[in-house]
Amino acid sequence: MSFNSEVKEELCKIDNKKECCMKAEGYGLLLFSKMLVPSEKSVKYENRSVARTIAEYAASCAGVIADVRTSLRKDARETHVLVIRGEQQKETLCARFGHSVKDANIRINKDNIKNECCKGAFLRGAFIASGSIADPMKEYLMEFIVPYARLAEDLFSFITDLEFAPICSITKRNGINVIYIKDGNSVENLLTFMSARTSSMNIMQTRMYKEAKNNINRLSNFETANIDRTLSASAVQTAAIAMLSDSGMLKELSPQLRQIADLRLENPEMTLGEMSRITGISRSGVKHRMDRLIRLSGEAGR
Ligand SMILES: [Zn+2]
């Protein structure tokens, strides 16, 4: 089962202890599944628990029966289609949450999320109906896909206004409004806020694992950096000598400097100690000449 499905399964099983929270979750579910939009005759879901939960809340919040029709697609996956029978039932459902079937602009009616305790339940409903979450081993990403611009803006404000201030963005992808959260800490806090304790714990453990792995990588990078340093010093010297050669300055230099320059060009990986042994010049003498070559190349480059 994908991480997204695991999270949805966990969320669908949560019971609301208070009547107000039950209504708020039902509102989130029905509003973000487009069931309160008059022109939407049916809604399709691949996840059976999601379709069933929405139908259950339509019944428990407003006494409206939504049929769930299951069919098998060509690729053997199940599709669950939610349908509300008749205009009258749709009107009853809309009226229960203070919406009108004539509403042109569908937005969040805050009267349905009156108490602080209801906010988590409402967001849980919205996420079950329109959200998805990526596997935290790959990336931290929670998304809400909302087909209506004003509704998307309302949900964006609702999330950013939460007390723990999740880092959240809103964009359009192929003309569809997407609200997304990419910050690991915010994703974890939002799951906790929706009462998905197991999923939130899983994210936390993944984050700790990734952090430990990064620390180990940083240590081994430090060791390879020391080897890189020898090579990059040689690369700087070779580049300097090449520049002197290109500008014609190399052939005018003293034989002592030219000797070191030639040796470096022929042996890019040779250490200064080795160059000292071959030439019979002290290591500091070799270093001094090399530094002089680099300084002169600076003048040649001007
Ligand atoms: Zn409540």
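The values are calculated or read from the model by the stated rules, or taken from the named source; none is laboratory data. The structure displayed is predicted, hence computed values, not measured ones. Because the Cβ atoms are built from the backbone with ideal geometry, glycine has one as well, and the counts that use them run over all protein chains shown.
Numbers at a glance
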quantity	calculated
Check on residue 238, at pLDDT below 80 and polar (S, T, N, Q)	no
Evaluation of residue 20 against (1) within 16 Å of the ligand (Cβ to nearest atom); (2) more than 21 Å from residue 199 (Cα to Cα); (3) within 27 Å of the chain's Cα centre (by Cα) (one fails), failing number	(3)
Options 225, 196, 233; residue that is of a type outside the set (Phe, Trp, Tyr), surrounded by 10 or more Cβ atoms within 10 Å (Cβ to Cβ) and at pLDDT 80 or above	196
Residues satisfying the stated conditions in region 15-49, i.e. among the aromatic types (Phe, Trp, Tyr) and under 24 Å from residue 117 (Cα atoms)	27, 32
Criterion: away from the ligand (no atom under 16 Å from the Cβ), under 23 Å from residue 123 (Cβ atoms) and touching a Lys or Arg at 6+ places or on another chain (Cβ under 7 Å) - qualifying residue of 51, 55, 62, 66	62
Where a residue in region 28-49 is in contact (Cβ under 8 Å) with a residue 40 or more places away in the chain and its partner, wherever it lies, is part of a helix (DSSP H, G or I) and among the β-branched types (Val, Ile, Thr), with Cβ under 7 Å and at least six apart	29/53; 29/54; 29/128; 30/54; 33/54; 35/54
Test: residue in region 51-71 that is in contact with a Ser or Thr (Cβ under 8 Å, 6 or more places away or on another chain) and without any contact (Cβ under 8 Å) to a residue 12 or more places away in the chain	yes
Single condition residue 264 does not satisfy, out of (1) over 14 Å from residue 241 (Cβ atoms); (2) within 52 Å of the chain's Cα centre (by Cα); (3) surrounded by 17 or more Cβ atoms within 10 Å (Cβ to Cβ)	(1)
Filter pass, residue 46 being in contact with a Gly (Cβ under 9 Å, 6 or more places away or on another chain) and either among the basic types (Lys, Arg) or closer than 15 Å to residue 12 by Cα (or both)	no
Leading residue by the ranking (farthest from the chain's Cα centre (by Cα)) among those in region 72-91 that are surrounded by 13 or more Cβ atoms within 10 Å (Cβ to Cβ), farther than 16 Å from residue 12 by Cβ and touching a residue at least 24 places away in the same chain (Cβ under 8 Å)	89
Odd one out for residue 297 among (1) modelled with pLDDT of 90 or more; (2) surrounded by 12 or more Cβ atoms within 10 Å (Cβ to Cβ); (3) over 30 Å from residue 141 (Cα atoms)	(1)
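Residues are listed down the side, and each one gets a yes or a no for (1) surrounded by 15 or more Cβ atoms within 10 Å (Cβ to Cβ); (2) assigned to a helix (DSSP H, G or I); (3) on the phi < 0 side of the Ramachandran plot:
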| site | (1), (2), (3) |
| --- | --- |
| 11 | yes, yes, yes |
| 15 | no, no, yes |
| 26 | yes, yes, yes |
| 34 | yes, no, no |
| 44 | no, no, yes |
| 54 | yes, yes, yes |
| 64 | yes, no, yes |
